[in-house]
1. Given a Förster distance of 30 Å, report the FRET efficiency between residue 37 and residue 106 from their Cβ-Cβ distance, rounded to the nearest 0.05.
2. Using modelled amide H (1.01 Å from N, peptide plane; none on Pro or chain starts), what sits under 5 Å from the amide H of residue 117, excluding residues fewer than 5 places away?
3. State the extension gain, in nm to one decimal, for the chain segment bounded by residue 131 and residue 26, taking 0.36 nm per residue of separation less the distance between their alpha-carbons.
4. Rounding to the nearest 20 debye, state how big the charge dipole of the range 8-68 is about its Cα centre with +1 on each Lys and Arg Cβ and -1 on each Asp and Glu Cβ.
5. Can you work out the Karplus-derived ³J(HN,Hα) for every residue in the range 111-124? Use 6.51 cos²θ - 1.76 cosθ + 1.60 with θ = phi - 60°, whole Hz, and x for glycine or proline.
6. Note the full-extension length gain between residue 51 and residue 142 as 0.36 nm times their separation in residues minus their Cα-Cα distance, in nm to one decimal.
7. Tell me, how many Å apart are the Cα centres for the range 102-122 and for the range 1-69?
Amino acid sequence: MAEVVISEFERLQDTIRQFHNRKVNLQFSDIGVDNATTKRGLLKSTLLIKDKDSAIMTVMRMLAFTSYIDDDRSYSIPVADFQSSVVFKPQISLTFIETSAAAKTAKRQRVRMVCSIRIMNKDVEDVLQSDITTWTNEIKLAFPKAYFSIKVETNTAIEIKKMVLS
């Protein structure tokens, strides 16, 4: 019996194909296998990585999926322009994560969003415990079951005060 030799490239591409196609199939779970009769079915077929795809085609399919379809996209702003105006300002970060039950009902992965706010009218040197308590109470009123952190940056270190609200 001949031994099958799989190159490192083939193994990597096969692993990428399996993980990527699992995400595509999950996103298009309402469409059957090989259903190219609708626009959505054709899109699913286009995004699925085939076994015979070249490396470039694999990357193109992944890029198309993550750029236009995937719910796990992240958006950001240019760091250099923004950072100079907010350095040493207190920051509050809120993380919102969809419940597993809601994601399961929608037949997709959980949606996660991080929202970060800078308190622009204060410097970190001016932040008092009473300010943190005030911000905490305002967040508790708006989001009674949220997890959040308040970061107070100093010249030497970052002190992170985390709170879990019940």
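Each reported figure results from applying straightforward, stated rules to the coordinates on display, with no laboratory input. In this text, all values refer to a predicted model and were calculated from it rather than measured experimentally. All Cβ positions, even for glycine, are placed from backbone atoms using ideal geometry, and neighbour counts span all protein chains on display.
1. Details: r = 24 Å, r/R0 = 0.79.
Once the sixth-power term is evaluated, E becomes 0.80.
2. 92, 93, 94
3. In short, 33.4 nm is gained.
4. 220 debye
5. After applying 6.51 cos²θ - 1.76 cosθ + 1.60, I find 8, 10, 9, 10, 10, 10, 10, 9, 8, 7, 8, 9, 9, 4 Hz.
6. In short, 27.8 nm is gained.
7. Each part's Cα centre sits 28 Å from the other's.
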